[in-house]
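The values are calculated or read from the model by the stated rules, or taken from the named source; none is laboratory data. Quick caveat, the model's predicted, so the values are computed rather than measured. Backbone-built Cβ (ideal geometry, glycine too); neighbour counts: all protein chains shown.
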């Protein structure tokens, strides 16, 4: 892992004023709001998910990130996307660490249909700007997930860092890392915005569907 943030400003298609990141934020605002208000996310953020369901969610996220990270490698030949290949964006190490903490062999749980569908999207987007739209949604979630981590540590009586490494990958460096990610977005041509927004919206929907499937499988065992 790198120990500091590499400068990500400048480069082909760079625009002042955060044109691309701003367009992504505006273009996905409704989807973001809908996801936050979803049943799964509300339970998650308030610490009302069972520990078993939280671990099941981590297992699905491991499937998601394994496919995403493999596909991100397809961008290595295009210098426009160098800002999205920072090793600190990779989440499989934290997910595997969290699952080991809970005694779950990494990757043993099958992927849910919604998880498989998102993986197929990442495969379709390989080598294209759309893949970065999917990454935008997942990386953006770290802005709120570090706060969720605090709630879950209390709910599950976890020591600091145990079982929540995926949710809080940067610690106090979170704002710095998010600024760097948005700076990388703003080096992309504005012509890529429609593809980025379309992919980001599809990813938001997929994340909602994964949560809904987990709740459905849990049936009446989860508190309302």
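Within region 37-48, being surrounded by 14 or more Cβ atoms within 10 Å (Cβ to Cβ) and either in contact with a strand residue (DSSP E or B) (Cβ under 9 Å, 6 or more places away or on another chain) or part of a helix (DSSP H, G or I) (or both) holds for 40, 41, 43, 44, 45. Just to be sure I understand, how many residues within region 97-126 are in a loop (DSSP other than H, G, I, E, B) and loosely packed, with under 15 Cβ neighbours inside 10 Å? Total satisfying the criteria: 4. Here residue 116 qualifies as over 23 Å from residue 161 (Cβ atoms) and out of contact with any helix residue (DSSP H, G or I) (no Cβ under 7 Å at 6 or more places or on another chain).
Surrounded by 18 or more Cβ atoms within 10 Å (Cβ to Cβ), under 19 Å from residue 58 (Cβ atoms), touching a residue at least 60 places away in the same chain (Cβ under 8 Å) and in contact with a helix residue (DSSP H, G or I) (Cβ under 9 Å, 6 or more places away or on another chain), is that true of residue 181? Against the criterion (surrounded by 18 or more Cβ atoms within 10 Å (Cβ to Cβ), under 19 Å from residue 58 (Cβ atoms), touching a residue at least 60 places away in the same chain (Cβ under 8 Å) and in contact with a helix residue (DSSP H, G or I) (Cβ under 9 Å, 6 or more places away or on another chain)), residue 181 does not qualify. The number of residues in region 186-224 that are closer than 25 Å to residue 37 by Cβ and assigned to a helix (DSSP H, G or I) comes to 26. I want to confirm something. Restricting to region 10-36 and keeping residues that are loosely packed, with under 12 Cβ neighbours inside 10 Å and part of a loop (DSSP other than H, G, I, E, B), which single residue is modelled with the lowest pLDDT? Of everything passing the filter in region 10-36, 10 is modelled with the lowest pLDDT. Taking residue 51, is it surrounded by fewer than 17 Cβ atoms within 10 Å (Cβ to Cβ), out of contact with any strand residue (DSSP E or B) (no Cβ under 8 Å at 6 or more places or on another chain), modelled with pLDDT of 90 or more and under 19 Å from residue 109 (Cα atoms)? In short, yes.
Residues in region 65-96 that are over 17 Å from the mean Cα position of the chain (by Cα) and surrounded by 19 or more Cβ atoms within 10 Å (Cβ to Cβ): 75, 81. Residue 174 falls short on exactly one of the conditions (1) assigned to a helix (DSSP H, G or I); (2) at pLDDT below 95; (3) farther than 17 Å from residue 89 by Cβ, and that condition is (3).
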